[in-house]
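To keep things clear, I will list the structure first and then write my remarks on it.
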Amino acid sequence: MRRAFFGWLIPAAFLLPLWLLIGWGVFNAGGWAFLWVLFLAIPSVFIGQLILTLLVRARGTVRAERAVSWWDVLGFTVWHGLTISLGFYDQAWWAPVMVLTIIVGLALFWLELAQLWREAKPSAILMRTTEGIGYIPAQAARPTQTEGDVIVITERPPVV
């Protein structure tokens, strides 16, 4: 399932805005909804999805496993579900769902940033000087043990 979401992220940037446009035509949303879809919804969903996809794919674990995290699955499922529901254009619940979709989209953005930051943290112990400059301390020198003779073999090019 995590791999399926990994593969779905790029097509979602094109299909979700397309669904909003198709939903407008199918459910007779009206002229103001068309302006909203054309000038706000399609660009916002397209650019937002691309930014979120880039944040997800910037993480090393996602690139290595070619799978998103379970938090990504949860966040994208909720956000995509709300975006799809906006395409039905029912006046009774459309405005609250739009506000909720925006809130979930922003929360998903911060979730992706937090996951990226967590993975990008240095794993070594970072020490600081009195001036506040960070550095990684050098490793302690290991004692070398030399037992017996050392034989060096050099390779000669073949004679033609």
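Numbers below:
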read-out	value
Boolean, residue 116 is of a type outside the set (Phe, Trp, Tyr), surrounded by 10 or more Cβ atoms within 10 Å (Cβ to Cβ) and either touching a Gly at 6+ places or on another chain (Cβ under 9 Å) or modelled with pLDDT under 85 (or both)	no
Residue match in segment 40-56 (condition: touching a residue at least 60 places away in the same chain (Cβ under 8 Å) and within 16 Å of residue 103 (Cβ to Cβ))	yes
Pairs with Cβ under 8 Å, 6+ apart, first in segment 76-87 and at pLDDT below 95 and surrounded by 16 or more Cβ atoms within 10 Å (Cβ to Cβ), second outside any helix (DSSP H, G or I) and not polar (S, T, N, Q)	87/27
Counted residues, segment 62-100 - those being of a type in the set (S, T, N, Q) and under 21 Å from residue 28 (Cβ atoms)	3
Tally of residues being surrounded by fewer than 13 Cβ atoms within 10 Å (Cβ to Cβ) and closer than 13 Å to residue 86 by Cβ across segment 27-60	1
Pairs, first surrounded by fewer than 19 Cβ atoms within 10 Å (Cβ to Cβ) in segment 3-21, second basic (Lys, Arg), C-beta under 8 Å, six or more apart	3/66
All positions within segment 8-35 that are of a type in the set (Gly, Ala, Ser) and farther than 25 Å from residue 75 by Cα	25, 29, 30, 31, 33
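The values are calculated or read from the model by the stated rules, or taken from the named source; none is laboratory data. Since the model is a prediction, treat every value here as computed from it, not as a measurement. Note: ideal-geometry Cβ built from the backbone for every residue, glycine included; neighbour counts use all protein chains shown.
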